[in-house]
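Comments concern the structure below.
The values are calculated or read from the model by the stated rules, or taken from the named source; none is laboratory data. What you see is a predicted model, and the numbers here were worked out from it, not measured in a lab. Neighbour counts are summed over all protein chains in view; Cβ atoms, including those assigned to glycine, are modelled from backbone coordinates with ideal geometry. Heavy atoms of the whole protein, side chains included, go into the accessibility calculation; ligands, DNA and RNA do not. Shrake-Rupley method; radii C 1.70, N 1.55, O 1.52, S 1.80 Å.
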Amino acid sequence: QVQLVESGGGLVQPGGSLRLSCAASGFTFSNYAMSWYRQVPGKERELVASIGSDGGNTNYADSVKGRFTISRDNAKNTVYLQMNSLKPEDTAVYYCKVVRFFITYWGQGTQVTVSS
């Protein structure tokens, strides 16, 4: 079955960096676009970044452009989110997502907290 497992979250000071990873299994990873979302309590989950199946066609939310970079390693079935110049407003639970045969799959999420 499809599994997405995020890792790499944690507590970081403003201006710091983190790299999130999402390890995928249960499907042919290289055939599917992947995306990262984030959610804070009381708000809807929002798209942060997406990437095409071959690593091209990347897209970013305006709020993270120039600071975050999405990438993937199809040999490792893993998608990454490099987050630089982090701000307190980036604090959220970050999720990776794949849509396969019209079904949306989410990981369990990883908490990112940006605070001094």
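Of the strands (runs of 3 or more DSSP E) lying entirely inside the stretch 53-107, those carrying at least 1 residues that are closer than 16 Å to residue 18 by Cβ are 68-73, 78-83, 92-100.
Would you check which residues across the stretch 86-116 are surrounded by 14 or more Cβ atoms within 10 Å (Cβ to Cβ) and among the hydroxyl-bearing types (Ser, Thr, Tyr) and list them? Correct list: 91, 94, 95, 105, 110, 113.
Can you find even one residue in the stretch 24-38 that is over 16 Å from residue 4 (Cα atoms) and either of a type in the set (A, V, I, L, M, F, W, C) or open to solvent by 30 Å² or more (accessible area, probe 1.4 Å) (or both)? Explain how you work it out, then say what you get.
From the stretch 24-38, those over 16 Å from residue 4 (Cα atoms) are none; that's our starting set.
No: the stretch 24-38 contains no residue that is over 16 Å from residue 4 (Cα atoms) and either of a type in the set (A, V, I, L, M, F, W, C) or open to solvent by 30 Å² or more (accessible area, probe 1.4 Å) (or both).
Answer yes or no: is there a residue in the stretch 66-78 that is surrounded by fewer than 15 Cβ atoms within 10 Å (Cβ to Cβ), among the aliphatic types (A, V, I, L, M) and modelled with pLDDT of 95 or more. Yes, there is a match, as at least one residue in the stretch 66-78 is surrounded by fewer than 15 Cβ atoms within 10 Å (Cβ to Cβ), among the aliphatic types (A, V, I, L, M) and modelled with pLDDT of 95 or more. Do we have residue 45 as among the basic types (Lys, Arg) and in contact (Cβ under 8 Å) with a residue 40 or more places away in the chain here? Yes: the conditions hold for residue 45.
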